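The values are calculated or read from the model by the stated rules, or taken from the named source; none is laboratory data. Note that the coordinates shown come from a computational prediction; the quantities given were computed from them, not determined experimentally. Here Cβ is always computed from backbone atoms with ideal geometry, including for glycine, and neighbour counts include all displayed protein chains.
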Amino acid sequence: MTSFNNFADLASFVAASRENDGLTQTYEGAFIEHSEMAKLSIVEAPEALDMPDPEQVRAATEMMMQTMFDVLRDTRMEPFAADLAWGFANSFHVVAKRIEGREDDAAKKLGDLARSYDPSEIYATELEDTQLLCQTLQGCREAMECMRDHAAEVYRVETGKPFSPVRGSRVSSALTASMIEARDYLASKARERREQFAPEGPVVAFSGGQVWEDVDLLWNGLDSIKARIPEMILATTAQAKGCDAVAHAWAASRGVKVIQFRLDRSQGNRAAFVRNDRILGLKPVEAVICEGSGIQQNLAQKLRQAGVPLHIVRLAHQRTQRSA
């Protein structure tokens, strides 16, 4: 049996035994040192701190996620493995969002400094420190997002469902599809934000009821559309179960970006119909509506009126229904 004196040796062993060129390149691209110096707080002096070794971080992330599934598999606690793994992935997401908030604050201060030039040495030092703070936080955020996306991919492979945080958008690296809140999509005006939160490409609208059994029927249909529209973006009504959940799992498997239109509760009883109008506002090039409630009927009617090519999938089309 191989023995290890410290975690770094163990992580290196796992990294070597589970070599994955794609993952390695993703981690190496995320764990970049933008400067020889690092600054994590506006009140702290810059320090010569290195980024963690990307291979060791990759191995540690995979071990943390995969081990939880492995040790609980085939036991009475196996049903809880997915919940625990979701919590791990969500922790990466929460920390990444916190870093992003600090990065935004630093960027705002940097912008204020740039607009109020002062030839003094104090101003020059503050400007340099703030720029270094922005760069350091940017690097930490990108690294944390990389770890989150890796954890999310392990979660997807093990559970068959895409990881999606409780709230907020998850803009992914190359590992997984992006789950994008509709309000982020509609609110993003600046070009940099648009590149992240408003992906360019033809939109395919999707909605369905919360009860559905024939997963293959929907996956095959979506595969057919993607074959014709390779750069498609999926816009859904963001329901946590049923047809939308099937579509989200398909998108995660195929690397398709998803815009989730959640209900705007401030709209009261009109919320679902307002959501339909917002989906229509994206000018979808094609749509899939699965039999569900009056909400799906309303969306299908509006899509027809707009001349959008429409696929209606009925409950009776399911193999389970046909074989009954």
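Filter the stretch 53-110 for residues that are in contact with a helix residue (DSSP H, G or I) (Cβ under 8 Å, 6 or more places away or on another chain) and among the β-branched types (V, I, T) and give the result. Of everything in the stretch 53-110, those that are in contact with a helix residue (DSSP H, G or I) (Cβ under 8 Å, 6 or more places away or on another chain) and among the β-branched types (V, I, T) turn out to be V57, T61, V95, I99. The set of residues from the stretch 41-60 being at pLDDT 85 or above and in contact with a Ser or Thr (Cβ under 9 Å, 6 or more places away or on another chain) comprises P46, L49, D53, P54, E55, Q56, R58, A59. Has the stretch 187-203 got any residue that is among the hydrophobic types (A, V, I, L, M, F, W, C), within 25 Å of N298 (Cα to Cα), modelled with pLDDT under 95 and in the same structural domain as E291 (by TED's automatic domain parsing)? Taking every residue of the stretch 187-203 in turn, at least one turns out to be among the hydrophobic types (A, V, I, L, M, F, W, C), within 25 Å of N298 (Cα to Cα), modelled with pLDDT under 95 and in the same structural domain as E291 (by TED's automatic domain parsing). All of P79, P54 fail the test of being touching an Asp or Glu at 6+ places or on another chain (Cβ under 6 Å) and of a type outside the set (S, T, N, Q), apart from P54. A single entry from A240, A177 fulfils the requirement of being within 23 Å of C290 (Cα to Cα) and either surrounded by 18 or more Cβ atoms within 10 Å (Cβ to Cβ) or modelled with pLDDT of 90 or more (or both): A177. Residues that are surrounded by fewer than 14 Cβ atoms within 10 Å (Cβ to Cβ), in contact (Cβ under 8 Å) with a residue 24 or more places away in the chain and of a type in the set (A, V, I, L, M, F, W, C) number at least 3 in none of the helices (runs of 4 or more DSSP H) confined to the stretch 16-123.
Against the definition (buried (at least 17 other Cβ atoms within 10 Å of the Cβ), over 19 Å from the mean Cα position of the chain (by Cα) and among the β-branched types (V, I, T)), how does I229 come out, yes or no? Taking the combined requirement at face value, the residue does not satisfy it.
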